[in-house]
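*Asks:* Mind having a look at this structure? Questions to follow.
The values are calculated or read from the model by the stated rules, or taken from the named source; none is laboratory data. Here the structure is a predicted model, which is why all the values come from computation and not from measurement. Don't worry about glycine lacking a Cβ; one is built from the backbone with ideal geometry, like all the others, and counts go over all protein chains shown.
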Amino acid sequence: MTTASSEIDQKPAVTALRHKDLLGITDLTPEEIALVLDTAEAMKEVGTRPIKKVPALRGKTVVNLFFEPSTRTRTSFEIAEKRLSADTLNIAIGTSSVVKGETLADTALNLEAMSPDMIVLRHSSSGACHLLSRICRSAIINAGDGMHEHPTQALLDAFTIRERKKQLAGLKVAIIGDLLHSRVLRSNIQLLTKMGAKVCVCGPPTLIPTDVLRFGVSATSVVEDAVAEADVVMLLRIQLERMEGAYFPSLREYFRVFGMTEERLRLAKSDVMIMHPGPMNRGVEIASEVADGPYSVILDQVANGVAVRMAVLYLLAGGAEHEDAA
Amino acid sequence: MPVVMDADRISRSLARIAHEIVERNKGVNELALVGVRTRGVPIAKRLARSLREITGHDVPTGALDITLYRDDLMRHAVGPQPLVRRTEIQFSIDDRKILLVDDVLYTGRTTRAALDALIDYGRPKGIQLIVLVDRGHRELPIKADYVGKNLPTSPDESVQVRLLEIDGQDEVVLEQGGAS
């Protein structure tokens, strides 16, 4: 009872998101990130009720436009939308006019003619969401664009870390795996450094992007150095489908040098959290014993994804402040 | 800026309401208090303390955030969304009599939202409404069961309830201009 009273006294520094879209973590201030995470805490409680539904987005239409395969993100968004009482529409590549040669912009404009309020977009091209943001009146939520950003994944990762560690500032977070092709990495390093965490990225030299250091993170190819004294170890999938060259000799060798095993994990702090945005390649970036072990919060990440996406949908439904009311 | 209730007056009103609750419900069995965020929550906790002093029994107490149930949420095409806070009801409301607590009763729209929110948690045996101040001007057919003070107001006045736990002092003030 006493915790509740101390909590209601605090008013956050920022009380609304003043953006039309969520294109990336780049556009968010630390205060806005904190607002999303605080709102997600309230949203998480909705998922524990006997009736897991609130009328907040009644009458709003949300289109889930997925040009890439996705189980977790698409279902997570859809559950989040339904829990907020929005009407949802799912469009997947195989069944859309895209197979007949329609461009992304034309698809979006045609959908927009039916007046949706928000479009959740997953696309294999970096910047696809920015294109839609310019031509659409609807709010655009980036559900992963190429190798660019995946902001809701970074937000749910931060929510999961904050839930266990109370705060992000001062934590050492090791991010290990296919750094080059990872939009999760690009969103996560921006979010974590904005919130004051120390990030160390690790992978084969061929998979470390040259621009990564400008975000103020350290990089290494020695996995033991990355894991040492880490509070959080986040593993990234080896994205074979995006690899056109030979980045490392074999998956077996990758596991031998970089794979997260119980032995390597002993170098981290005793209360380390193991995270993976999914889908996992067991025996490549992560050993099964670690994925299913006591330090793993991988399924918590999935559960928290719904609450975080509810928070984003709710906060964006207000629109940008400076826009003219239509 | 007239002070319409001071700290003594507030505490006497809440003590009286606590006695009325016990009398009307013949004890505190099956009762639970739910405060509407923000200022309904400390009022609910004070009532729980009084009920304990009177009867020796603890009454479960929770906090309800009604933001996601507001009827003005999506009325404007564009505008910042109000802040959502956590609802904390750690007990089943099924077959209990719920004492819903708010600071000011005005149009009744907050109470309507609170009733909808509560019913999503279960099927209470009944809901009774407690308010510190009833300032009139109802827009919905809603009536309080326990009232600290009936305060005739005009629509261009605003009623500010300040509580020790949140604002550092206890008082109810009637201010000119701006709807509350």
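*Asks:* For the stretch A:105-121, give me the residue count where each residue is in a loop (DSSP other than H, G, I, E, B) and among the acidic types (D, E).
*Replies:* Going through the stretch A:105-121 one residue at a time, the tally reaches 1.
*Asks:* Now for a different question. Need pairs with beta-carbon distance below 7 Å; first residue surrounded by fewer than 12 Cβ atoms within 10 Å (Cβ to Cβ) and within the stretch A:47-58, second in a loop (DSSP other than H, G, I, E, B); sequence gap 6+ or separate chains.
*Replies:* Short answer, once both residue conditions are applied: A:P50/B:Y121; A:P50/B:G122; A:I51/B:D120.
*Asks:* Can you tell me which residue is modelled with the highest pLDDT among those in the stretch A:62-119 that are aromatic (F, W, Y) and more than 18 Å from A:A307 (Cβ to Cβ)?
*Replies:* A:F66
*Asks:* Among strands (runs of 3 or more DSSP E) lying entirely in the stretch A:211-295, which contain 2 or more residues that are not hydroxyl-bearing (S, T, Y)?
*Replies:* Where strands (runs of 3 or more DSSP E) fall fully within the stretch A:211-295 and carry at least 2 residues being not hydroxyl-bearing (S, T, Y), they are A:232-235, A:273-275.
*Asks:* May I ask you to verify whether A:L315 is within 14 Å of chain B (Cβ to nearest Cβ) and within 20 Å of the chain's Cα centre (by Cα)?
*Replies:* Against the criterion (within 14 Å of chain B (Cβ to nearest Cβ) and within 20 Å of the chain's Cα centre (by Cα)), A:L315 qualifies.
*Asks:* In the stretch A:258-286, what residues are of a type in the set (A, V, I, L, M), in contact with a helix residue (DSSP H, G or I) (Cβ under 7 Å, 6 or more places away or on another chain) and within 18 Å of A:A226 (Cβ to Cβ)?
*Replies:* A:M260, A:L265, A:L267, A:A268, A:V272, A:M273, A:I274, A:M275, A:V284
*Asks:* Could you say which residue among B:I127, B:I142, B:I166 is in a helix (DSSP H, G or I), touching a Lys or Arg at 6+ places or on another chain (Cβ under 8 Å) and hydrophobic (A, V, I, L, M, F, W, C)? Before the answer, list the steps.
*Replies:* Details: B:I127 fails: in a helix (DSSP H, G or I); B:I142 fails: in a helix (DSSP H, G or I).
Among B:I127, B:I142, B:I166, only B:I166 is in a helix (DSSP H, G or I), touching a Lys or Arg at 6+ places or on another chain (Cβ under 8 Å) and hydrophobic (A, V, I, L, M, F, W, C).
*Asks:* State all residues of the stretch A:291-316 that are of a type in the set (A, V, I, L, M, F, W, C) and surrounded by fewer than 22 Cβ atoms within 10 Å (Cβ to Cβ); if no residue qualifies, say none.
*Replies:* Correct list: A:A291, A:V297, A:I298, A:L299, A:V302, A:A303, A:L316.
*Asks:* Right, B:G177: more than 24 Å from B:L14 (Cα to Cα) and either surrounded by fewer than 14 Cβ atoms within 10 Å (Cβ to Cβ) or among the basic types (K, R) (or both) or not?
*Replies:* For B:G177, the condition - more than 24 Å from B:L14 (Cα to Cα) and either surrounded by fewer than 14 Cβ atoms within 10 Å (Cβ to Cβ) or among the basic types (K, R) (or both) - is met.
*Asks:* Can you pull out every residue in the stretch A:223-246 that is without any contact (Cβ under 8 Å) to a residue 24 or more places away in the chain and of a type in the set (A, V, I, L, M, F, W, C)?
*Replies:* A:L240, A:A246
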